[in-house]
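Accompanying notes for the structure given below.
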Amino acid sequence: MREHKRLLLLPAVAGTGLALLVGALVLLELRLGASGGSAALGVAGIVLVVCLATFLSAVLICAADDALRGQPVSIAAGCARAVRRLPALLAWAVLGSLLAAVGSLLDRVPVVGLLLEKVFGIAVGLLSYLVLPAMTIDGLGVLAALQQTGKLLRHSGGQQIRGTIWIYLPVFLALLPAAVVVVLGVESDNQVLALAALAGAAAWMALAVTLAVTISGIFRTMLYHDGSNTLASSTTA
């Protein structure tokens, strides 16, 4: 990431674009009210946001793959590679949305619903972590990518968990000073100071999330490369 700082540009622009899209959808839904059109718009908006986020994640992985291979890093080239995988990416986005919906429904199971939801969410997260690299790097379809990541999980599951914790731990730590700044701004009874505190905290958290998302994309790509090489070596042996 130090050598290819432009990798930070994609999550920053993508995050801003997704936030604006979500805000526009929320405002439009509020204007429509509680009608049937509002519900349909909500579902369509969720699918659109998930598909767009999936595509942008794939672009980041493509750019990280180029960097790891020693090739020139270009966001345009990453977009072109991701576009070639678009049908599989959209299929995975829809499947991921369905899995998330199933997980949320498990919470309604009496007594053990919350536990089932957490276990299901962790299992899906572990299995799906390397699906996008499998699709974008090796050009696999959804089912083949899931099978490939299932094999890789035996070799890289521990690394995946530890890496994810270390990547996103700074984001949680960044919440502490951001919360302090917001509370102090609100308690000051000064509207200008309160708005400045909110804006500063939002910018701080946006920076932390941008760094974490970028590092996560690079880490997923590296983990897929290492896992694929290890799997190929063990198969040959």
| said: So for the range 201-215 (the condition being open to solvent by 80 Å² or more (accessible area, probe 1.4 Å), under 30 Å from residue 86 (Cβ atoms), in contact (Cβ under 8 Å) with a residue 60 or more places away in the chain and not hydrophobic (A, V, I, L, M, F, W, C)), does at least one residue qualify? | reply: no
| message | Condition first: closer than 19 Å to residue 131 by Cα, touching a residue at least 24 places away in the same chain (Cβ under 8 Å) and open to solvent by less than 40 Å² (accessible area, probe 1.4 Å). Now tell me which residues in the range 57-80 satisfy that. | response | 58, 59, 60, 61, 62, 63, 64, 65, 78
| In the range 87-104, how many residues are under 20 Å from residue 133 (Cα atoms) and open to solvent by less than 60 Å² (accessible area, probe 1.4 Å)? | 9
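Table: residues versus (1) among the hydroxyl-bearing types (Ser, Thr, Tyr); (2) closer than 17 Å to residue 50 by Cα; (3) out of contact with any Lys or Arg (no Cβ under 6 Å at 6 or more places or on another chain); (4) surrounded by 15 or more Cβ atoms within 10 Å (Cβ to Cβ).
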residue	(1), (2), (3), (4)
84	no, no, yes, no
118	no, no, yes, no
128	yes, yes, yes, yes
131	no, yes, yes, yes
| query | Which residues, counting only those in the range 139-180, are surrounded by 17 or more Cβ atoms within 10 Å (Cβ to Cβ) and under 23 Å from residue 208 (Cβ atoms)? | reply | 160, 163, 164, 167, 174, 178
| query | Across the range 216-235, what is the total count of residues that are modelled with pLDDT under 80, open to solvent by 40 Å² or more (accessible area, probe 1.4 Å) and in contact with a helix residue (DSSP H, G or I) (Cβ under 7 Å, 6 or more places away or on another chain)? | reply | 1
| Scanning for something within 17 Å of the chain's Cα centre (by Cα) and not β-branched (Val, Ile, Thr), does the range 223-235 turn up at least one residue? | yes
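The values are calculated or read from the model by the stated rules, or taken from the named source; none is laboratory data. No experiment lies behind these values; they were computed from the predicted model shown. Note that we place each Cβ from the backbone using ideal geometry, even for glycine, and neighbour counts take in every protein chain shown. Each accessible area value is taken on the protein alone, full model and side chains, heavy atoms only, with ligands, DNA and RNA left out. Shrake-Rupley method; radii C 1.70, N 1.55, O 1.52, S 1.80 Å.
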